[in-house]
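All remarks here apply to the structure that follows.
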Amino acid sequence: MRVVSLLPAATEIVAALGALGRLVGVSHECDFPPEVRSLPRVTRTRIDLAMPSGAIDRALAEAKGSGVSPVEVDVDLVAHLRPDVLIGQSLCDVCAVGEGELARLVTTLIPTPWVVTLHAHTLDEVFLDIRKVGEVLELRDEAEELEAGLRYRLRRVGTQAQRSGKVGAQHAAPLRKPRVLVLEWVDPPYVAGHWVPELVALAGGQDVGGAPGEPSRPRPWDELVALAPDVVVVALCGFDIPRAQAELAAVTDRQARALLGRRVEFLDGNAYTSRPGPRLVDAAEMLTRLILG
């Protein structure tokens, strides 16, 4: 079975199911596990990602306004790879091939591959997507085992966070949960949504900016200041920690500097919080350490 993945989360799911050898092509963003970096890249972005985040945001808005997808598919290469299974998504048209582009791609391919469309907004839906991929790859048992292991780790995160949130063994009175704000972008500021508020709750915090299952959305700096978070977690979509630190240092807005004068922690958003796959569990474990210390 030959599989082409059009997004990093799908690539990581396939690998976690033990089917890494079936991948014959991946997206330009797929970088984990490291073995996939040598596979053919079937997509590319029209956006210069070396630009500052504000310029990237404007370029993406212009692309959306013109109806041109910021992510381009190498149709000829996909056809050459002759996939039996093509895994795409319908969550976001910014960082990966969108649903419409995926549909157009499939009409050009002969023979027509089996298409798996991932569409997770919550942790339960991430597990549903894992089962969906396992079903198509005829790895149902592996998908069940993977889900069971990941859910076990999430339960451990929740248990450890609860224990850390008690005052003394005698009274076991719960402490006030730290108020947590997770930023997914800084110019303009975006508050992380989808599964991130669930991760924060599991890690022992109270997400004051987003709600489980709701999309990430922009909010002005003055609104974010008014939320009075105890901890600001900077986990920028598509950026690692050094890049996030550089982007944050470039923010000059007065209200932003007031907010960022609070306790600020960094998490690799590109690797852990922006990809609805197995490493969201790693993100929960990391958030516990960042939030509760």
Which FRET efficiency, nearest 0.05, do residue 66 and residue 289 yield, Cβ-Cβ r, R0 30 Å?
0.10
Debye calculation, C-alpha points only, no solvent: report log10 I(q)/I(0) for the stretch 3-119 at q = 0.19, 0.20 Å⁻¹, in the same order as the q values.
-0.99, -1.08
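When you have a sec, figure out the Kirkwood radius of the stretch 135-293 from all distinct Cα pair distances and drop it here in Å to one decimal? Provide the component values of the computation, followed by the final result.
Numbers: mean 1/r = 0.0610 Å⁻¹.
16.4 Å is the Kirkwood radius here.
What value does the chain have for Rg/Rh, both radii from Cα atoms and Rh as Kirkwood defines it? It would help to have the intermediate numbers written out before the result.
Values: Rg = 19.8 Å, Rh = 20.0 Å.
Computed over Cα atoms, the ratio is 0.99.
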Residue-span extension gain [residue 103 to residue 141] - 0.36 nm each, minus C-alpha spacing
10.7 nm
Once phi is turned into θ = phi - 60°, what whole-Hz ³J(HN,Hα) does the Karplus curve with 6.51, -1.76 and 1.60 give for every residue of the stretch 181-196, x standing for Gly and Pro?
10, 10, 9, 9, 7, 10, 9, x, x, 10, 8, 5, x, 6, 8, 4
One would report the Cα pair-distance distribution of the stretch 5-45, bin width 5 Å, in %, as 6, 30, 42, 18, 4, 1
In this structure, the FRET efficiency calculated for residue 257 and residue 37 from their beta-carbon separation, with R0 = 51 Å, to the nearest 0.05, is 0.85
What is the extension gain from residue 222 to residue 148, computed as 0.36 nm multiplied by their sequence separation minus the C-alpha to C-alpha distance, in nm to one decimal?
22.5 nm
Distance (nanometres) between label positions extended 7 Å along Cα→Cβ at residue 162 and residue 77
4.8 nm
Measuring from the longest principal axis of the C-alpha atoms of the chain, the long axis of helix 140-164 (C-alpha) lies at a number of degrees, nearest 10, equal to 10 degrees
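Any read-out appearing in this document is the output of simple, stated calculations on the displayed coordinates, not a laboratory observation. Model, not experiment: these values are computed from the prediction. Methodologically, a virtual Cβ is constructed for each residue, glycine included, from the backbone with ideal geometry; neighbour enumeration extends over all protein chains shown.
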